[in-house]
Amino acid sequence: MGKSALQKARAAYQPKLPVALQGAVKIKEGEPTRSVDNQEKIKKLFPNTYGMPLVEFVPGTEKNTTRMNVGVILSGGQAPGGHNVISGLFDGIKKLNPENKLYGFLMGPGGLVDHNYIEITADFLEDYRNTGGFDMIGSGRTKLEKEDQFEKGLEVIRQLDIKAIVIIGGDDSNTNACVLAEYYAAKQYGVQVIGCPKTIDGDLKNEQIETSFGFDTATKTYAELIGNIERDCNSARKYWHFIKLMGRSASHIALECALQTQPNICLISEEIEAKDQTLNDIVENIASVVAHRAEQGNNFGVVLIPEGLIEFIPAIGRLIQELNDLLAAHGNDYKDLDKDAQREYILNHLSAENKATFETLPEDVARQLSLDRDPHGNVQVSLIETEKLLSDMVASKLAQWKSEGKFNGAFAAQHHFFGYEGRCAAPSNFDADYCYALGTSAAQLIANGKTGYMAIVKNTTASTNEWKAGGVPITMMMNMERRNGEMKPVIRKALVELNGKPFKTFAACRDEWAKNTCYLYPGPIQYWGPSEVCDQTTRTLALEQE
Ligand code: FBP
């Protein structure tokens, strides 16, 4: 069996590039930059890569023919468009000089350390253009942070005569890209490191990065599914659907999907934290909406839940902080104990306040919070079944209200978790073009001798021709944060801003969406057709750039 007709047609799509990257490129440098916070500390930690200027590419006249081999790494969770970053990088370096070679390190940063790589050739690449997934070279979550890893990587870099490594990753991976860039610069190894902003979570954005790639396609995919569920729910009128959405800590995905589909309820973790709400407050709010709709005869609805919710309920957040420190400090004593002994161990070591919170949580949730962190020290929130936890608690609350004569409707719940369904979707036109432009910018940053930069593309709500490509020093986006019990320099994560237009737009409509049935059905991603159907970016980006 060959490819489907859609796959074939999509493979032939030629991503569009901004004018500045279409021909010869000139580099325009801005003023020196400073980190978003903790300037003195960050400057000290990154003496060779701190303070560098922002760069923008503009049309030039002289063709750069730099001879260079490049290595590329996909890091962390899949995001639609990763293959197009690699395509843009490949075409970009070959256009500079056909002798240039691109090597792909396999299964994430670990491939560099373990010397697992392939050469990416034109024939090999052909099958992956405009496709979703990271299967071209695989991805992984190995954290690049230790000198011996950097030195091990250098061996293969020398062997393949590689001038630069491009790390395609989220905030943690790009933080590590910067640490690696600084290390190679300090040692004067002459090896450059460039990052690319990837993550469906949408939390790698700031003044310089308008959006991370993959957010557009993933949210469109989830919104299609949510719309389908809303239509089902409005047809059968007998279920409340509790839908958990990926996004790790930040609620950008849930918020964007709410703007696209107008569900009855969408929880925003950042708001819950700001309002210091308890789990019980959240449950009462949901139960009140259920009861109100039941009075109108509507025993159905849709609730969106960001996967990071649990960490943002202040009491549980404090508990997680203490658990993080506890696991970082006592991990070895703890890890070989059996399940019950682990619970006992934790209860014996927690402060009184956090112990009380731990004891109120259902046992399986408490256990998830006490399991191993991912290599970056994050709780694996995707494993916590918040959608079930909440619907069980809502059911109990409604049963109580029923016994008190305050509720006489019906409540039956269905549960969903959308995350993996969208991470490898075929990239939308936006992500296909955006990623190709990011890869092309990365090639130009390397050719222009830059290191410790992330490739960026701005003005992305305008037509592709008018997009502005360039690079931002990674140190510019850093501040000091507590990780695994220690203060570390990291790229500041972008959470949902409660003063921002996307949240305010949602907040202005949500009461209406809760009471009435205002569902929108966005339908599947379209690749061909009228521009307003195929090239629309996310509501979040459109509102932020208004
Ligand atoms: P990145 O931050 O690496 O892009 O990953 C995003 C994500 O999809 C989160 O939304 C989710 O919490 C996590 O990855 C799931 O991790 P895993 O792929 O290891 O199950």
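Nothing in this text is a laboratory measurement; each read-out follows from the coordinates by a stated rule. Because the structure is a prediction, the values reported are computed rather than measured. Backbone-built Cβ (ideal geometry, glycine too); neighbour counts: all protein chains shown.
Based on Cβ point charges of +1 for Lys and Arg and -1 for Asp and Glu, what charge dipole magnitude is obtained for the stretch 326-396 about its Cα centre, in debye rounded to the nearest 20?
140
When DSSP beta bridges are limited to those with both residues in the chain, what percentage is antiparallel, rounded to the nearest 5?
Roughly 40 percent of the DSSP beta bridges within the chain come out antiparallel.
Could you give the distance between the Cα centres of the stretch 474-490 and the stretch 13-32, to the whole Å?
Going from one Cα centre to the other spans 31 Å.
Relative to the longest principal Cα axis of the chain, at what angle does helix 171-186 sit, 0 to 90 degrees, rounded to 10?
So the inclination is approximately 30 degrees.
Along the Cα-to-Cβ line of Lys187, 7 Å from the Cα, sits a label point; which residues in the stretch 142-168 have backbone N less than 11 Å from it?
The answer is 146-158.
Using only Cα atoms and rounding to the nearest 10 degrees, what angle (0 to 90) does helix 279-295 make with the longest principal axis of the chain?
Result, in degrees: 60.
Please name which of Gly500, Ala164, Ile268 has its Cα lying farthest along the dipole of the chain towards the positive end, using unit charges on Cβ (Lys, Arg +1; Asp, Glu -1) and the Cα centre as origin.
Of the options given, the answer is Ala164.
Given points 7 Å out from each Cα along the Cα-Cβ axis, report the Asn299 to Asn408 separation in nanometres with one decimal.
1.3
Taking the dipole about the Cα centre of the stretch 308-381, with the C-beta of Lys and Arg at +1 and of Asp and Glu at -1, give me whichever of Gln368, Leu350, Asn378 is farthest to the positive side.
Working it through, the farthest residue towards the positive pole turns out to be Asn378.
Along Cα→Cβ, 7 Å out, is where each label goes; now give me the distance between the ones at Val58 and Leu383 in nm to one decimal.
Placing both labels 7 Å along Cα→Cβ, they lie 5.2 nm apart.
If you place +1 on the Cβ of every Lys and Arg, -1 on the Cβ of every Asp and Glu, and leave all else neutral, what size is the dipole of the chain about its Cα centre, to the nearest 20 Debye?
The calculated dipole for the chain is roughly 1080 debye.
Specify the angular offset, from 0 to 90 degrees and rounded to the nearest 10, of the alpha carbon long axis of helix 147-159 from the longest principal axis of the alpha carbons in the chain.
40
On a 27 Å Cα-Cα criterion, which of the cross-link pairs Lys41/Lys355; Lys244/Lys504; Lys143/Lys493; Lys101/Lys493; Lys275/Lys501 come out too long?
Going by Cα-Cα distance, Lys41/Lys355; Lys101/Lys493 fall outside the 27 Å limit.
Quick one: Cα centre-to-centre distance for the stretch 70-104 and the stretch 287-356, in angstrom?
Here the answer is 40 Å between Cα centres.
Run the helix sum for the chain: -39,500 (n - 2.57) per DSSP H stretch of 4+ residues, divided by residue count, reported at 222 nm to the nearest 500 deg cm²/dmol.
-13500 deg cm²/dmol
Rounded to the nearest 0.05, what FRET efficiency do Arg367 and Lys515 have when you use their Cβ-Cβ distance and R0 = 45 Å?
About 0.75, to the nearest 0.05.
Restricting the count to DSSP beta bridges whose residues both fall in the stretch 17-174, what percent are antiparallel, rounded to a multiple of 5?
50
How high is the FRET efficiency between Ala236 and Glu421 when r is their beta carbon distance and R₀ equals 25 Å, given to the nearest 0.05?
The calculated FRET efficiency here is 0.70.
Relative contact order of the chain: what whole-number percent is it, with Cα pairs under 8 angstrom and at least 6 residues apart?
Relative contact order comes out at 24 percent.
Assuming R0 = 25 Å, what is the FRET efficiency of Met487 and Asn280, from their Cβ-Cβ distance, to the nearest 0.05?
0.15
Relative contact order for the stretch 308-381: what is it in percent, counting Cα pairs under 8 Å that are at least 6 residues apart?
34
For a label point 7 angstrom out from the Cα of Glu147 toward its Cβ, which stretches of the stretch 171-202 have the backbone nitrogen within less than 13 Å?
It comes to 183-184, 186-187, nothing else.
So between Glu359 and Lys339, what do we pick up on full extension, going 0.36 nm a residue minus the alpha carbon distance?
Roughly 5.7 nm would be gained on extension.
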